[in-house]
1. Could you please tell me which pairs satisfy a Cβ distance under 7 Å, a separation of 6+ or placement on different chains, a first residue in the range 1-28 that is closer than 16 Å to Asn58 by Cα, and a second residue that is hydroxyl-bearing (Ser, Thr, Tyr) and in a helix (DSSP H, G or I)?
2. Pairs, please: C-beta under 7 Å, at least 6 apart or cross-chain, first residue more than 17 Å from Thr13 (Cα to Cα) and in the range 29-40, second of a type in the set (Gly, Ala, Ser)?
Amino acid sequence: MVHTGFQFAYAVTQSTVLNTVKAQLASNPSYRVVVTGHSLGAAVAALAAVSIKSTFPNVNLQLYTYGTCALIIIIREALLIVCISRPAPNWKCSFCVLR
């Protein structure tokens, strides 16, 4: 289950994001896609990363989040293979690789 505010925030831009990634991968098939966000943007970035990976399963995708709000995403079909959180004195950084 995803918070409706996070889901709405990504839904507003989803088609633009996916069309842009599609165009860039067509022109640059060896490119890696890196998705990043801070705070609320971290939640939206996580949703975008799952959406991109679901749409383009062969893409090399990495997700970086900063100041991540409390966000748990249950991803079906084991999309998420590695997620490392590194707490620091006043912030939290996460790095995820989606397969």
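1. Every condition considered, the pairs that remain are Leu18/Ser51; Leu18/Thr55.
2. Ser39/Gly67
Read the figures in this text as sums done on the coordinates, not as results from a lab. Note that this is a predicted model, so its numbers are computed, not measured. We place every Cβ from the backbone using ideal geometry, glycine too, and count neighbours over all the protein chains shown.
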